[in-house]
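> Once you've had a glance at the structure underneath, I'll fire off some questions.
Read the figures in this text as sums done on the coordinates, not as results from a lab. Given the structure is predicted, the values throughout are model-derived calculations rather than measurements. Every residue, glycine as well, gets a Cβ built from its backbone with ideal geometry; the counts of neighbours run over all protein chains shown.
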Amino acid sequence: MKKFATLVVAGTMVFAACSSGGEDSGGDVNDVVKTCAPTDGALALIAKDIKFDKDCLAVKAETAFTIELQNGDSDQHNVSIFTSKGGSSLFKGTEFADGGKTVTYEVGALDAGSYYFHCDIHPEMNGTFVVAA
């Protein structure tokens, strides 16, 4: 019986680690290490149905980049980057509505590390922001 209980707990942990960052589970997004491959400096993100289409974004360290945000809702959205969930702001994108509109944010270079991003209006829209060395 003890083995079964351990297996259930382990299975729950795997499930939690693989779940989307679209819902705020109450824990820090950085509690679960996510990795995604860095891009060449141009990121694309879609906000639709009060969710982002990605929960992990990655860029190369020490290189300025852009984030193209397409708003598929009539609600306002934006993207902001923080040192951690509840941490200091590193970048705040302008909020905008107009479903179907796309805004491109210019973001300065960041040091290598794992950060947090979310929509300021809907913080449950969030994810990990990886800056790879």
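> Could you compute the net charge surrounding residue 97? Neighbours are other residues with a C-beta less than 12 Å from the C-beta of residue 97; K and R count +1, D and E count -1.
Result for the neighbourhood of residue 97: -3.
> If the only charges are +1 at each Lys and Arg Cβ and -1 at each Asp and Glu Cβ, what is the size of the charge dipole of the range 29-132 around the Cα centre, to the nearest 20 debye? Intermediate results must be reported in sequence, preceding the final value.
Details: 8 positive and 15 negative charges, 38 e Å.
In total the dipole reaches around 180 debye.
> Taking the Cβ of each residue in 122, 77 as the centre, tally the other Cβ atoms inside 10 Å and list the residues starting with the fewest.
Least crowded to most crowded, the residues run 122, 77.
> Another question, then. Convex hull volume of the Cα atoms in the range 29-132, per residue, in Å³?
So the per-residue Cα hull volume is 82 Å³.
> Within a 10 angstrom radius of the beta carbon, how do 84, 74 rank from fewest other beta carbons to most?
Ordered from fewest to most neighbouring Cβ atoms within 10 Å, 84, 74 come out as 74, 84.
> Looking at 131, 65, 77, which one has the Cα that reaches farthest to the positive end of the dipole of the range 29-132 (charges on Cβ: Lys, Arg +1; Asp, Glu -1)?
So the residue we want is 131.
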